[in-house]
1. Place a +1 charge on the Cβ of each Lys and Arg in the range 184-261 and a -1 charge on the Cβ of each Asp and Glu, then give the dipole magnitude about the Cα centre in debye, rounded to the nearest 20.
2. Over the range 43-113, with a single point scatterer placed on each C-alpha, what log10 of the ratio I(q)/I(0) does the Debye formula yield at q = 0.13 1/Å?
3. Give a residue-ordered list of calculated ³J(HN,Hα) values for the range 109-120 (Karplus: 6.51 cos²θ - 1.76 cosθ + 1.60, θ = phi - 60°; whole Hz; x for Gly, Pro).
4. So how do MET67, MET79 rank on accessible area, 1.4 Å probe, biggest first, that is with the largest at the start?
5. Between LEU213 and SER134, how many nm apart are label points set 7 Å from Cα along the C-beta direction?
6. Using only the Cα atoms of the range 193-261, construct the convex hull and provide its projected area averaged over every direction, in square nanometres to one decimal.
7. Arrange the residues VAL203, VAL236 by how much accessible surface each exposes, largest first, with a 1.4 angstrom probe.
8. Select from LEU259, THR227, GLY239 the residue farthest towards the positive end of the dipole of the range 225-266; place +1 on Cβ of Lys and Arg, -1 on Cβ of Asp and Glu, and compute about the Cα centre.
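The values are calculated or read from the model by the stated rules, or taken from the named source; none is laboratory data. Since the structure is predicted, the reported quantities are computational estimates derived from the model, not experimental observations. Here the Cβ is made from the backbone with ideal geometry for all residues, glycine too, and neighbour counts use every protein chain on show. Please note that ligands, DNA and RNA were not included when accessible areas were found on the heavy atoms of the full protein model with its side chains. Shrake-Rupley method; radii C 1.70, N 1.55, O 1.52, S 1.80 Å.
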Amino acid sequence: MAAPNRRTVLAGLTAGWAVFGLGIAEACATPSKRKAPRKSMAKPTPMLRPKLVALDPGHGGRDPGAMGVRGTKEKTVVMAVARELQKELLARRYRVMLTRTTDVYVPLRERVARAQAAKADLFLSLHADACADSGVRGASVYTLSEAASDREAEALAARENRADLVVSGTRMANQSDSVARTLVAMSQRGTVNDSRRLAATIVQTFASNGVRLLPRTHRQAGFAVLTSPEIPACLVELGYLSNARDERLLTVRQHQIALARALRASVDAHFGAGTATRKA
């Protein structure tokens, strides 16, 4: 029987490839030259970025804060705890900013402004108290009072104060007086509620970690550092420098670390355990 010629072989192969829907060019093409499958046009998953915690070591520079019975300065103690807390938070993949990083004086409103400019997710102001009664000791936590919140909202909504104010992504300069007042008040109210939840978490975490607490631990006041309309904020009094035992504890590094770890655990609980990120 005669060997099939080349044309007959090609005709047979072509017929076979056709069964599988392939043309000669496609069948003979090397893998690199074949058409790549279409890529999915699904939207990419939003990237997550670590939440930003603003730490505010109270006082500084010409303002030493409270003075202990042995001469301990509040500004020194709170900076030491802030540094330990910064380490704890960074180890948990949070971003951290300090309103002051050295022994300098920073005005109260400037501290808040720095946190707002950085778009912080949380603001913790650290202090150590003092009073005439040397027997008083223990930690306490402050959030913005209702009266102070209302006053602050009214002041922020005032036309002369809102040129650069942005609340919930809305520029207040473009809004009417009534709309601006409503938006600022709503934002402030929501922030105060978040701050109270954070305060309750700090009190609970301190208690479970053996930190001595004042009676009626969660208190409310009109502290200027608590007045951001969009950043949940707490002012934490770590103890009383006017009490000899509290003063000694606040200068012991192991106690400073214990306070920092309790505060870090409070931040974790506030955001949700293991959730140190947010959508960018």
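1. On the way: 10 positive and 5 negative charges, 47 e Å.
I would put it at about 220 debye.
2. -0.46
3. 5, 5, 4, 5, 4, 5, 5, 5, 4, 7, 6, 5
4. On the way: MET67 95, MET79 30 Å².
The ranking, largest first, comes out as MET67, MET79.
5. Result: 2.8 nm between the two label points.
6. On the way: hull surface 21.3 nm².
Its average projected convex-hull area is 5.3 nm².
7. On the way: VAL203 30, VAL236 0 Å².
Greatest to least solvent exposure: VAL203, VAL236.
8. Of the candidates, LEU259 comes out farthest on the positive side.
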